Structure formats: structure tokens, C-alpha cells
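Have a look at this one before I ask anything.
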Number of protein chains: 2
Amino acid sequence: MKIGICAPARPIDRIVEAKLSALAALSFPDVELVFHPQCYESDGHFAGSDERRGAAFLEFANDAAFDAIWFARGGYGSNRLLHSVIPQLGPAARHKTYLGYSDNGFLLAALYARRIGRPVHGPMPSEVNRADAGACVSRSLAWLTRGERSVLEPGLAGRPAVAFNIAILDALVGTPWLPDLTDHVLMLEEVSEPMYRIDRMLFTIAHATQLKGIAGVKLGMIKDVIENDPPWKGTAEDMIIRWCGEMGVPYLGRAVIGHDANNRLVPFGIA
Amino acid sequence: MKIGICAPARPIDRIVEAKLSALAALSFPDVELVFHPQCYESDGHFAGSDERRGAAFLEFANDAAFDAIWFARGGYGSNRLLHSVIPQLGPAARHKTYLGYSDNGFLLAALYARRIGRPVHGPMPSEVNRADAGACVSRSLAWLTRGERSVLEPGLAGRPAVAFNIAILDALVGTPWLPDLTDHVLMLEEVSEPMYRIDRMLFTIAHATQLKGIAGVKLGMIKDVIENDPPWKGTAEDMIIRWCGEMGVPYLGRAVIGHDANNRLVPFGIA
């Protein structure tokens, strides 16, 4: 099992490689982690220019020696690669798992829309720095290496599902990079936004023509909410129930996904 | 000339009515300004509940005695009215001008999409509080009362045009509330966002299937940019040129619109 790690958005520090390699050597000895040098590069906001990040992703995705691509970190920037990178994915890219979340939801969506590989929403290498004794990154490694189902979101009851950060799904709505999610359970999570912005993004999702056929919505974790001025009335769950009503789809309860050490994995489609 | 003022998003203070009425009495004596009491109400984030804001808008829009509806202030909330309000607009609503911008772009878009009345992007009553001796609100009154063309954005050269706040257009993309903008010049402005978010919203606009036929893009004012961490490389103009390239439409230069005392009016369609 050979896993290639690249950074389509923001860079990571070398300490991530040291910690994750040590953890893998101990708990997942059959895994070989290959960090692309691009992970540590920096160009303004990004882990290298668009060309550099795109080339690193393509190099690993199109190499048949890798079983999986693991996105090092989120932030912002993976959307800027889609236009040039997705058309260049070859046959070797079709037989891989692609794992990450947050900003990398852009890539997961585009891959799923084009039926390339197996996109999975789940913890990323940068999260080895969480104070959770490696629990969340181990969940990703357990899925990649052993297909361990205990690490999956517990509500994946045989229905096709996807999971997205709300801001990323909002940014995908109306573009050809949003996959057909007919009959899918849509799981949503958010971090560091005020309530009025979450409400505005849910307006877009609820009114999106492309999302009319979804099976229902589950609400993941809404973390580190930025104070709303004036204070917002009601909870995130009240909010999602309102928009599900206007969308005409059932609200299916909570999901254990989000920017949190408890983040569970959601393989896109049928798990 | 009777102008009805209501607040589909956030409330205004009564001082706005006093100042604006005094200004109108002096400079636009033929105008009657009617402030709906809903303008001063408050319900959490909004100027009254969705029902209350929607009812106030419908009351004035469906009243043939009003020649124009002027949106008091932006903020957030006009999107929450579209679903219930737009289908209830009757014949009297079709013969009016609707003037405002920022969050009220949701209403302007939906009205334009349904070919109801004459939506116009321009200064709002709340801006009588600007330190500009009433210049920007006077521009709106000069257009409403005398059709004065000197107050219009100077680049409206006989081509159909629209103007939007980038976040509002981004939120409309993918929904049926976004009008058909084929052959239109699209003018964009923003306020109080970090560069990476503006970039992400322009990604959505550039890749939006619904916007494929636009004639070109003009960049309005990008005000009060929130510091990007790490610093963003390049200017807002560099950014829009990049996305126009990826979108395959010409960048047509700057537009004098935005969250600023110099904000000029843009009547939707042919001015």
C-alpha cells in the first residue's frame, strides 16, 4: 500500500511528515507514505503556484505505483487546479482512492463528477498535529489500508452519500464541477463562519437546480462559529431544517463529520 | 412621484427618514417619500421576520400609487423573501423602478429574471449618513425623479448591463433567481472580504454554466479588503483578468460602482 501525499491548497510543515511517518511505522507498518516535496513549498497564499500544485497532483495521480492520494491540508486553492488538471488524469488515476476534505472538496467533487477513482471525505495529514494522539489521521490510514468500516460516518446505511464543507459546496453550485447527487444523502459541515453567512450559503444550496434530486440532508459539525452582529436567533439545526423545508427534502439528523478530531470518513457513493 | 421605502434585509434608524426627507424637500420638491414602518423594526439579524419584511415589500410593490420602491439598506436577508414574495407580485408591481444594491441584489436579480419592473443598482437611503453632503442619495433621487443620465455609471454605452456585489452574485449562481445575462456587461463590486474569498467567488462566477453568454466583465470598487493571511500576491484587477481568461470573456476595465459615496447607478438591461 503506497500513499502519495500532495498539497493542492496550502502547504504543510516538515514536522507533519516526521510525525505521520512515525505513527505509520508503528501502527500501519505495511504502508509507504510518500510526501511530494511540493507539500512544503510556498507561493503567496498557496503551496506553490497553480502549475506546481497541479503538476505534483498529476505526477502522483497518474502514477500506477500509488494506491491512494492523500491531500495534505486544506485552506484555499484546490479549485484553481480543476480546469487544467482534471482533463489530464489518465488511466492510472482511475484506480485510486482520493482522501481529504475542506477545500479539497473541490477535487473530490470534480473527481466524482467525472467518475475518476474513489473520492473520500476524511481527516488529512496536517491533522497529525491535533491533540488526539493521532486518532483522526489513524482513522484515514485504517480506511486506506484495511477498509476498516468502524472509521466511517455511522449513518451510511447503504445509501449513496457525499460530505462537503458548506462553503465549498456553495462555490461548486452552478458549475460543471458539481457531480450529479441524485438520490444521495448530502452531509454538510462548516467552520469559522458567522451564522448569517451559513444561512446565505444554505439558501444557495436549497435553491440549487442541480441539487433538486438529493435524498436528504444531514448536518455535520458547525465549529468555531464567528460572532454574528446582531446575535443570530436559533441554532444551526433550526437553520438547516428551515432550508430543507424550502428545498423540499427531508432533514435526516446529525452526521459525525467536520473540522474536528472526531471527523469520520465518508466514501462518496455507496460505502 | 411617490417612492416607497422598505427594508428587505437590515433595519434603518429614524434619523435616515429625517435627513432624507429634509434633503428631498430642498432638492427634489416634487417627490413624496413614504417610509414603511417596517424599516425600523428588528427581529434578530433582520428588519422584522421574513413574513413581516415580505409583507411590507408586497404592500408597496403591489400598490399602483407608488412609482418606485427604494430599498432602505443592505446587510443580509433579502434572499429569504424570494421564494414567498416573487410569485405574489401583481400587475402594479410591473410598472415600477426598484432601486438598491448589495444584499438587495437578490431582489433585483429575481425581478429581472421574471421581467418585473425596472431593477436599478444604486445608492440606498441608509447612505444619507455618508459624509458626502447627500451626494450619493441625491444621485438615486435624480434618476428616479428626472431620469438624469449624468448619475449613471459612465461606461453604459448602449449595451445591456447589470451590476452585482460579488458575494450576492455568487450566492445566486446555480439558482433559478439568477437572470439570463446573455450579451450583458457584468459589473462586479465587493466590500469587507479577504482576497482569497473574492478569488473563490470569482471561480464560481467564471465557471458558472448560466453565465457562459455574457459580453464581458467590468470591475467596480473592491473596498475595505480584509487582510489575507498569508499576504495575497497581486491586485483585484490581476485576479479578475485571470478569471475572465479562464471564463473566455473579455475584461472591459473598471466601473464606478461599489460600497462608496461615488457609487453610480446601473439600470439593469439597456439604460
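The values are calculated or read from the model by the stated rules, or taken from the named source; none is laboratory data. Everything quoted here is computed from the prediction, not taken from an experiment. When we count neighbours, we look across all protein chains shown, and the Cβ atoms used for this are built from the backbone with ideal geometry, even at glycine. Accessible surface is based on the protein model in full, side chains and every heavy atom, while ligands, DNA and RNA are left aside. Shrake-Rupley method; radii C 1.70, N 1.55, O 1.52, S 1.80 Å.
Restricting attention to the range B:99-117, report how many residues are within 14 Å of chain A (Cβ to nearest Cβ) and among the aliphatic types (A, V, I, L, M).
Of the residues in that region, 4 qualify.
Counting only residues that are of a type in the set (D, E, K, R) and without any contact (Cβ under 8 Å) to a residue 24 or more places away in the chain, which one in the range B:76-125 is surrounded by the fewest Cβ atoms within 10 Å (Cβ to Cβ)?
Ranking the qualifying residues of the range B:76-125, first place goes to B:115.
Any residue that is part of a strand (DSSP E or B), at pLDDT 95 or above and either among the β-branched types (Val, Ile, Thr) or not assigned by TED's automatic domain parsing to the domain that holds residue A:165 (or both) - is there at least one of those in the range A:7-27?
no
Would you confirm whether any residue within the range B:199-210 is aromatic (Phe, Trp, Tyr), open to solvent by 30 Å² or more (accessible area, probe 1.4 Å) and within 14 Å of chain A (Cβ to nearest Cβ)?
No: zero hits.
Can you pull out every residue in the range A:39-55 that is open to solvent by less than 40 Å² (accessible area, probe 1.4 Å), within 12 Å of chain B (Cβ to nearest Cβ) and among the charged types (D, E, K, R)?
A:50
Only residues that are of a type in the set (D, E, K, R), in contact (Cβ under 8 Å) with a residue 40 or more places away in the chain and outside any loop (DSSP other than H, G, I, E, B): list them for the range A:243-269, please.
A:246
Looking at (1) surrounded by fewer than 17 Cβ atoms within 10 Å (Cβ to Cβ); (2) part of a helix (DSSP H, G or I); (3) in contact with a Lys or Arg (Cβ under 8 Å, 6 or more places away or on another chain), which one does residue A:34 not meet, given that it meets all the others?
(2)
All but one of (1) buried (at least 23 other Cβ atoms within 10 Å of the Cβ); (2) away from chain B (no Cβ under 14 Å); (3) more than 20 Å from residue A:258 (Cα to Cα) hold for residue A:215; state the number of the condition that does not hold.
Failing condition for residue A:215: (1).
Do we find a residue being assigned to a strand (DSSP E or B), within 10 Å of chain B (Cβ to nearest Cβ) and out of contact with any Ser or Thr (no Cβ under 8 Å at 6 or more places or on another chain) anywhere in the range A:220-230?
There is no residue in the range A:220-230 that is assigned to a strand (DSSP E or B), within 10 Å of chain B (Cβ to nearest Cβ) and out of contact with any Ser or Thr (no Cβ under 8 Å at 6 or more places or on another chain).
Determine whether the range A:161-170 contains at least one residue that is touching a helix residue (DSSP H, G or I) at 6+ places or on another chain (Cβ under 6 Å), surrounded by fewer than 23 Cβ atoms within 10 Å (Cβ to Cβ), free of Cβ contacts under 8 Å to residues at least 60 places away in the same chain and of a type in the set (Val, Ile, Thr).
Checking the range A:161-170: not a single residue is touching a helix residue (DSSP H, G or I) at 6+ places or on another chain (Cβ under 6 Å), surrounded by fewer than 23 Cβ atoms within 10 Å (Cβ to Cβ), free of Cβ contacts under 8 Å to residues at least 60 places away in the same chain and of a type in the set (Val, Ile, Thr).
Among residues belonging to the range B:173-183 that are in contact (Cβ under 8 Å) with a residue 60 or more places away in the chain and open to solvent by 10 Å² or more (accessible area, probe 1.4 Å), point out the one that is nearest to residue B:224 (Cα to Cα).
Ranking the qualifying residues of the range B:173-183, first place goes to B:178.
Here are some conditions: (1) away from chain A (no Cβ under 14 Å); (2) in contact with a strand residue (DSSP E or B) (Cβ under 6 Å, 6 or more places away or on another chain); (3) on the phi < 0 side of the Ramachandran plot. Residue B:263 meets all but one. Which one does it not meet?
Here residue B:263 meets the rest and fails (2).
Another one. Return the total of residues in the range B:47-58 being over 17 Å from residue B:125 (Cβ atoms) and not charged (D, E, K, R).
Selection size over the range B:47-58: 4.
Could I ask something else about it? Which residues, counting only those in the range A:73-98, are within 12 Å of another protein chain (Cβ to nearest Cβ) and hydroxyl-bearing (Ser, Thr, Tyr)?
A:76, A:78, A:84 - these are the residues of the range A:73-98 that are within 12 Å of another protein chain (Cβ to nearest Cβ) and hydroxyl-bearing (Ser, Thr, Tyr).
May I pose another question? Filter the range B:83-127 for residues that are touching a Ser or Thr at 6+ places or on another chain (Cβ under 7 Å) and of a type outside the set (Phe, Trp, Tyr) and give the result.
Answer for the range B:83-127, where residues must be touching a Ser or Thr at 6+ places or on another chain (Cβ under 7 Å) and of a type outside the set (Phe, Trp, Tyr): B:99, B:103, B:104, B:107, B:117, B:118, B:120, B:122, B:123.
Let me ask something additional. Please go through the range A:231-244 and give me each residue that is facing another protein chain (nearest Cβ under 10 Å), out of contact with any Asp or Glu (no Cβ under 9 Å at 6 or more places or on another chain) and open to solvent by less than 70 Å² (accessible area, probe 1.4 Å), ordered by number.
A:234
Does residue A:189 satisfy being away from chain B (no Cβ under 12 Å), open to solvent by 10 Å² or more (accessible area, probe 1.4 Å) and modelled with pLDDT of 95 or more?
no
Is there any pair linking a residue in the range A:27-48 that is closer than 18 Å to residue A:148 by Cα to one that is in a helix (DSSP H, G or I) and open to solvent by 20 Å² or more (accessible area, probe 1.4 Å), with Cβ under 7 Å and at least six apart or on different chains, and which?
Here the result reads A:27/A:138; A:28/A:145; A:30/A:145; A:31/A:145, each pair linking the range A:27-48 to a residue that is in a helix (DSSP H, G or I) and open to solvent by 20 Å² or more (accessible area, probe 1.4 Å).
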